[in-house]
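**Student:** Here it is, the structure, as structure tokens.
The values are calculated or read from the model by the stated rules, or taken from the named source; none is laboratory data. All figures in this text were calculated on a predicted structure; none of them were measured in a lab. Cβ placement follows ideal geometry from the backbone for every residue including glycine, while neighbour counts extend to all protein chains displayed. All accessible areas refer to the heavy atoms of the entire protein, side chains included, with ligands and DNA or RNA removed. Shrake-Rupley method; radii C 1.70, N 1.55, O 1.52, S 1.80 Å.
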Amino acid sequence: MAVEAPFVRPTASPARLGPVPPATLQVLSVIPGSPRTTGWFGAVLLLLAGFLGPGCASPVPQRDGSRARTTLSAVSSPAPTPRQLRVRVYADVDHRARGLHWERSVTAWLQRASEAVRGPLGVTFQLESARAWDRRGSDGPLEPVLGALESLDAGEDVDLVVGLVAAPASFSGAQHELGFARVLGRHCVLRGMGGELPVEARQRLEVAVLLHEWAHTLGALHVRDGRGWMSPKYDADQTGFDARTLALLGAGLRHLPGARVELEAQKEWARQLRGAVEAMTGPAWAGAERDFLLEWTERVRTSGVVLGPEGTPRSLTPLERQRLAEVIALEKAGRPEVAAEALEPLAVRHPQDERVQLLACYLAVHLTPGLDATRERCERAIARFPDEPSLRMNVALLHLHAGRFDEARDSLVAARRNLEARAEVEPAQWADLAGLFLRAHCVTWAEETAARAPGLSASAAVLEQAARLRRQVALPVRSEPGGSPPPDLEPALVRAVSDVEALLHAGSSGRARERIAALALAFPASPSVALLQCELHLLQGRLGSARTACERVLAFREDAVQAHLLLGVLATNTRAHARARKHLERVIALEPSRTEAWHLLAREYRGTRQLRLLQARYREQFARDLP
């Protein structure tokens with residue numbers, strides 16, 4: 001079962017894609033001896049002054065009097081619950097080249113950020129680890145860099161993953177981005193700040209950029225009043241989050257990280273997030289970001305599965321894909337119970353992941369086929385993935401286990417349609433389906449399906465067993481004229497032959513006679529019904545009628561082994577030795593495992609030279625003496 005597939009990464013939300021128009025302003029100052037150009041240093045100072053925005057969202061031009069009144073808050077009442085957020089930081093080659101002890105500066109930077117939000121939000125950023133990132137290049141947009149960071153580390157075990165890249169060679173209106181994060185995501189990428197900036201100004205800007213992008217991961221919107229950290233333009237005078245943004249961030253802190261993976265937690269987070277967003281009215285908050293969050297929260301409200309930042313079911317993270325591979329290895333190693341236990345959290349978390357649900361159904365079918373929960377699990381998976389044949393084949397196994405042969409047949413026919421609709425099918429899948437058709441007594445369909453996978457040992461085994469079953473129940477092949485039932489009725493006839501023979505062997509000849517009469521009406525020309533009539537007549541002592549019925553069977557199928565055996569028994573009882581030997585020899589030739597034929601033939605050969613030859617043949621066949 002192939003389960004690997006490319007990891008589908010959430011796309012950027014529409015809130016983060018807009019460009020920031022360039023601004024033409026004079027250079028404020030230059031540090032003597034700076035290796036940077038005058039224009040670069042001036043542009044960075046303009047950033048601090050709030051004249052150039054970082055491109056994490058498109059600014060909306062302000063009209064006179066349109067600025068909303070928002071209140072920046074340094075404290076929150078009541079006091080927030082203290083919480084530590086674990087942060088993993090990656091620094092690329094160019095960023096690490098700026099200094100030998102970059103890890104120390106990261107620790108100090110997180111401490112400064114913690115001091116800024118500990119009061120209003122109770123948050124302390126704790127450095128989980130600082131790691132080297134094997135990438136280079138500072139120019140160009142940051143969104144592809146964010147995608148690379150998400151692929152490198154899903155960050156399932158931390159609260160935030162930060163990627164640090166070096167400052168570009170120059171800043172201009174077309175190269176303006178200082179940071180980028182995916183709204184409702186878990187990652188952000190930040191550019192380094194030029195060493196020419198005054199230390200205090202650089203540190204304030206680093207904290208502002210980090211907190212701005214971190215807030216986006218909790219759903220915070222841009223606030224276009226220019227005074228707080230969520231302004232689309234950075235300003236040296238920005239000192240905090242407005243009260244409504246604090247309420248939104250508080251909702252995220254209460255429910256994350258659980259709301260990323262648990263449905264009820266996500267629904268409650270979405271409810272509170274929507275309330276906070278709906279309270280953000282006016283030009284300061286209007287725009288694509290607000291519309292996106294309202295749409296996302298509505299999708300969560302109506303969804304039956306956990307959604308990712310893009311509003312569709314979450315894809316497996318790299319860590320989860322690794323766990324899935326471990327589950328597959330456990331199953332292949334013959335430890336299905338351990339595999340099923342390890343898979344269950346993924347199955348609950350990812351009901352829309354086809355690979356996970358296929359494997360969960362497969363393991364449940366093989367471990368607990370009798371449970372209603374197993375059937376319900378697989379049928380839910382079929383509802384989600386109706387074109388997947390293996391699910392229908394597993395459900396057919398459940399039906400076979402419960403004796404529901406008609407339902408099994410219907411599931412297998414649907415699986416065959418799934419396979420026929422595919423441009424390419426692995427031959428082994430045809431062979432598997434053929435084996436299940438045979439178990440459901442759909443003999444013709446088993447043979448036709450096995451023929452689609454020539455050369456496979458599994459297909460050859462199906463064809464051999466199908467031919468044996470035809471001989472046992474005198475079932476003609478489809479191409480033979482007369483006596484062959486339609487393929488969809490074969491299972492009922494084959495099962496009826498088995499059921500009636502069980503009644504005859506149990507001495508219930510009356511019930512058997514009734515069943516045979518009903519079958520004769522349903523299948524009037526069937527040699528299988530004639531075979532049952534032969535056996536019934538023989539048990540009733542009606543030898544002439546028994547002989548006539550069995551000879552009618554052989555007229556349709558000369559290799560009907562049971563008819564030969566019954567005629568051999570009849571001939572033995574009437575001392576027709578030559579006829580008995582002929583039929584019993586034919587039984588042994590068709591089915592050497594039928595030991596009763598060997599024993600009857602030994603009685604026929606008693607006192608002749610053929611007995612010694614028969615004993616030798618028996619010893620060669622069974623590795624023991626003929627009793």
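**Student:** Please go through region 185-207 and give me each residue that is closer than 21 Å to Arg88 by Cβ, part of a helix (DSSP H, G or I) and not acidic (Asp, Glu), ordered by number.
**Tutor:** Listed by number, the list holds a single entry, Val207.
**Student:** Please specify each residue of region 479-527 satisfying the condition of being touching a Lys or Arg at 6+ places or on another chain (Cβ under 9 Å), in a helix (DSSP H, G or I) and closer than 17 Å to Ala549 by Cα.
**Tutor:** Val500, Pro527, listed by residue number.
**Student:** Go through (1) open to solvent by 20 Å² or more (accessible area, probe 1.4 Å); (2) under 17 Å from Gly435 (Cβ atoms) and name the single condition Asn394 misses.
**Tutor:** (1)
**Student:** Here is a further query. Quick one: how many residues across region 548-577 are assigned to a helix (DSSP H, G or I), open to solvent by 20 Å² or more (accessible area, probe 1.4 Å) and more than 23 Å from Ala602 (Cβ to Cβ)?
**Tutor:** Result for region 548-577: 6.
**Student:** Which of the residues spanning region 90-101 are touching a residue at least 40 places away in the same chain (Cβ under 8 Å) and either in a loop (DSSP other than H, G, I, E, B) or within 27 Å of Asp237 (Cα to Cα) (or both)?
**Tutor:** His95, Ala97, Arg98, listed by residue number.
**Student:** With respect to the numbered conditions (1) modelled with pLDDT of 85 or more; (2) charged (D, E, K, R); (3) open to solvent by less than 10 Å² (accessible area, probe 1.4 Å), which one is the sole condition not fulfilled by Asp225?
**Tutor:** Failing condition for Asp225: (1).
**Student:** Would a scan of region 389-404 turn up a residue that is assigned to a helix (DSSP H, G or I), in contact with a Cys (Cβ under 9 Å, 6 or more places away or on another chain) and of a type in the set (Ser, Thr, Tyr)?
**Tutor:** Checked against the condition, which is being assigned to a helix (DSSP H, G or I), in contact with a Cys (Cβ under 9 Å, 6 or more places away or on another chain) and of a type in the set (Ser, Thr, Tyr), region 389-404 yields at least one hit.
**Student:** When both residues are 6+ apart or on different chains and their Cβ atoms are under 9 Å apart, which pairs have a first residue that lies in region 323-336 and is closer than 17 Å to Val348 by Cα, and a second that is open to solvent by less than 90 Å² (accessible area, probe 1.4 Å) and among the basic types (Lys, Arg)?
**Tutor:** Going by the 9 Å Cβ cut-off, the qualifying pairs are Leu324/Arg355.
**Student:** Of all residues being among the charged types (D, E, K, R) and more than 23 Å from Asp559 (Cβ to Cβ) in region 610-619, which is surrounded by the most Cβ atoms within 10 Å (Cβ to Cβ)? Just the residue, please.
**Tutor:** Arg619
**Student:** Looking at region 430-486, which of the residues that are polar (S, T, N, Q) and open to solvent by 60 Å² or more (accessible area, probe 1.4 Å) is farthest from Pro592 (Cα to Cα)?
**Tutor:** Among those that are polar (S, T, N, Q) and open to solvent by 60 Å² or more (accessible area, probe 1.4 Å), it is Ser479.
**Student:** Name the single residue that is nearest to Leu538 (Cα to Cα) among those in region 596-609 being open to solvent by 40 Å² or more (accessible area, probe 1.4 Å) and touching a residue at least 12 places away in the same chain (Cβ under 8 Å).
**Tutor:** Glu596
**Student:** Assuming Ala247 fulfils every condition listed in (1) surrounded by fewer than 20 Cβ atoms within 10 Å (Cβ to Cβ); (2) at negative phi; (3) at pLDDT below 90 apart from one, which condition is it?
**Tutor:** Failed condition: (3).
**Student:** Does any residue of region 463-478 turn out to be free of Cβ contacts under 8 Å to residues at least 12 places away in the same chain, assigned to a helix (DSSP H, G or I) and touching a helix residue (DSSP H, G or I) at 6+ places or on another chain (Cβ under 8 Å)?
**Tutor:** Checked region 463-478: no residue is free of Cβ contacts under 8 Å to residues at least 12 places away in the same chain, assigned to a helix (DSSP H, G or I) and touching a helix residue (DSSP H, G or I) at 6+ places or on another chain (Cβ under 8 Å).
**Student:** So in region 180-199, with the set limited to residues that are farther than 25 Å from Thr312 by Cα and modelled with pLDDT of 85 or more, which one is surrounded by the fewest Cβ atoms within 10 Å (Cβ to Cβ)?
**Tutor:** Arg191
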